[in-house]
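Bear in mind these aren't lab numbers, they're just calculated from the coordinates by the rules spelled out. Values in this document were obtained by computation on a predicted structure and should not be read as measured data. Positions of Cβ are generated from backbone atoms using ideal geometry, with glycine treated the same way; all protein chains shown enter the neighbour counts.
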Amino acid sequence: MTNEPLIELKGVSKSFGSNKVLDKIDLTLYRGEALGIIGPSGTGKSTILRVIAGLLLPDEGEIYIQGVRRNGLIEDAAETVGIGMVFQQAALFDSLTVEENVGFLLYQNSKIARSRIRDMVNEKLEMVGLSGIGEMYPSELSGGMRKRVSFARAIMSNPESANEGPELLLYDEPTAGLDPIASTVIEDLIRHLQRAQGVCSTYAIVTHQDSTIRRTADRVIFLYQGRVQWEGTVSEIDSTDHPLIRQFMSGSVQGPIQVVG
């Protein structure tokens, strides 16, 4: 990791109706780091990923990409950093094959020959350990396999674009709903993609799962009531006496985190 800021959020707020999900958040994501975003449900973790991705406009505050202020959503202007996102439910098109899902944006928005796209898709599928499944449909895959297909789609590059591939990956609960073994496969893959040559080296991951926090993150921030309440390294999670972290990691209903219902 370097100390070079890749993404900076300054005073970012976002509300949905009367619910203020983000409250003047300041956050810097550095090139080459693995950032874990944790906290109770409904505290803005997925929202902050969508703001970083340029899929959601903040109500106030500024977003900088490599020091350049972003104006509007991601499609409103060319950016110097490619961003890929892996959604919690994989978000695959059920009516399309795996190959068509992974190559979707290229099939729809490029002039690249279909045979070349097919080769690129197979390359990405091999990278996530799913060679030879291009003709299958999402309904024929296990939950873990669907997650890996969504990874392949997120790292798909477009040779016609200035950003040949994503420099930043955003993972929203990538191990949710998976058994422990399938979760380990996904956690290993996240680290592998960070270290593999030619694949993005920077990512942010939202997760509740203890093993995922410990195996995929280097630095961790804790979101609660719209603000960053704590940040530190993974090893500091066990040594801090911060009451929010202690309650969250122990799963106790007693403590400063308000238990809904």
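Numbers for the structure displayed
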| quantity | calculated |
| --- | --- |
| Kirkwood-type radius of the range 86-166, with distances r between different C-alpha atoms, in Å | 12.5 Å |
| Computed FRET value (nearest 0.05) for S252 with I112, which takes r as the C-beta separation and R₀ as 35 Å | 0.05 |
| Under 30 Å, Cα to Cα: Lys pairs in the chain, sequence gap 8 or more or different chains | 13 |
| Neighbour cut-off at most 14 other Cβ (10 Å), DSSP loop, trypsin sites (Lys or Arg not before Pro), the range 78-133 | K111 |
| Candidates I155, I74, I52, ranked by Gaussian network fluctuation over the chain, Cα under 10 Å, top entry | I74 |
| The range 105-202: GluC sites (Glu not before Pro) in DSSP loop, at most 10 other beta carbons within 10 Å | E135 |
| Most positive-pole-ward Cα, A176, G72, A90, against dipole of the chain from beta carbon charges | G72 |
| MRE, 222 nm, helices only [DSSP H, n ≥ 4, -39500 (n - 2.57), over the chain, to nearest 500] | -9000 deg cm²/dmol |
| Difference of contour (0.36 nm per residue) and Cα-Cα distance, R69 to T240 | 58.1 nm |
| The chain - Rg (one decimal) and Dmax (whole number), Cα, Å | 18.6, 59 |
| Part-to-part distance (alpha-carbon centres) for the range 191-214 and the range 1-60, which is given in Å | 17 Å |
